[in-house]
């Protein structure tokens, strides 16, 4: 999608149940809370964002790098709509702490009168699918604007170029990219999504940093499916060089993505396509006969394990083709994509574990807000936290199971009951696993104080009518049917200091300040039990000190 997409596109173990206000979205079949964070609005996007650079221009629209305008940070927290001609009380507040660095976003603009109905359908399909995606290697969409026959989509900016831009890759680099790609595929398939257009152009680097992570993009051709038995698809979509034989014949399953992944891995390791011809008919012939080899000289330094990985993916029979679960366990990834090579710094790792222990005591509304902040966080904001997530997600499938969580913190020797309580407190969607955004939300404060601008952004998202207050109706819209109006009102009442039934930004911000003290409750308890008669004071005799008679007179 867009400049997270590429310029060319512009051209042509269920642990428990419970309501959302008590930490859940209501089970595996219920909607994810994160699916509603993306906000759709009907006004001019340029009232909030300014263009920094045009990245791509085409007949149907454009892709630009944008930033939030000065003075519009925090939205309704500081600039609410007026009520009966009078400004609301929240507007009297001003932003005390902005982000240290402006965040760049990608803005994809589509002119509706210049696109076909098929293209428009793909666009809406992409938006719908991206709403439900929550994986560190899948591009995030933040907002959608409709204004004057145009659609604008705000996405995270991924400006590091596609896989072609960094050829050639070492075998270790290829394994790293393959492991991350396979994790994204596993996540998509586990959530009933088949991509259908995996290729070099649709895997891009999130930044220009040499060790930047990859992101899977462009979900316009993606599709939701039931299961392998009922999930047959017939549309001939995709890009020829990475299409499986079954896609060419118009009868295939999600296993088509694994063929494409095998083609990509072949290209990562060799800088060549496995199937190539200038003539389309000849290329189709090669694909249908699975006619590729490792005979060229550039394959000589490549390990047998890497070749075996490809041979088990680029295989005609989809029943013999590895699925994403088996691919992630392949010996090549085990050797070249080791978890030990992806560790965060130890200070962050320790702070994360301490933070998790206290997360169960965080107010339910703050947990919701932290999930919004986590979703909207830039790569720079959460770089080390993402490495921590990797260490907990040992299966590399984009989620953390209870067993993985238990194994990760077992060295702290916490009782099993407490570990389960902590796990459940993080699982706000109550689907039996910790999602990527849930983990980041629970660990954000391990990095210290969250800038007020980011808190204000969360307030603005929850205040869906831009009134300057968060009402019961606002939270009902956000949380859906999983919470009753009474539960939500009770939640608001716990924070509503002036008793007007709504939350002002001042009350919302105060909630953040109050909850930060929870992180130090255990330390405070231990200190209060110390016998002060045993404490060493300033009158103590210490070597070289004031009362040491043997010290020199200097």
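Mind running the shape call on the range 283-383? Use the C-alpha gyration tensor, a ≥ b ≥ c as the square roots of the eigenvalues: rounded below 1.5 for a/c, prolate if a/b tops b/c, oblate otherwise. Because a/c hits 1.5 or more and a/b exceeds b/c, the range 283-383 counts as prolate. Using only alpha-carbon positions in the range 346-517, the gyration tensor eigenvalues give semi-axes of 29, 17, 15 Å once each is multiplied by 5 and square-rooted (largest first). Applying the Kirkwood pairwise sum to the alpha-carbon positions of the range 158-250 produces a hydrodynamic radius of 14.4 angstrom.
Rg/Rh for the range 380-424 stands at 1.01; both radii use Cα atoms, and Rh follows the Kirkwood definition. All C-alpha to C-alpha distances of the range 378-465, sorted into 5 Å bins beginning at zero, yield P(r) values of 3, 13, 21, 22, 19, 12, 7, 3, 1, 0 percent in whole numbers. Cα-based values for the range 33-156, radius of gyration first and Dmax second, are 16.2, 47 Å. Over the range 163-337, the Kirkwood radius and the radius of gyration, each from Cα atoms, give a ratio Rg/Rh of 0.93.
Computed from the Cα positions only, the extents of the range 418-496 along the three principal axes stand at 37, 30, 21 Å, in decreasing order.
Any read-out appearing in this document is the output of simple, stated calculations on the displayed coordinates, not a laboratory observation. Treat the numbers as computed from the prediction; the structure is a model and nothing was measured.
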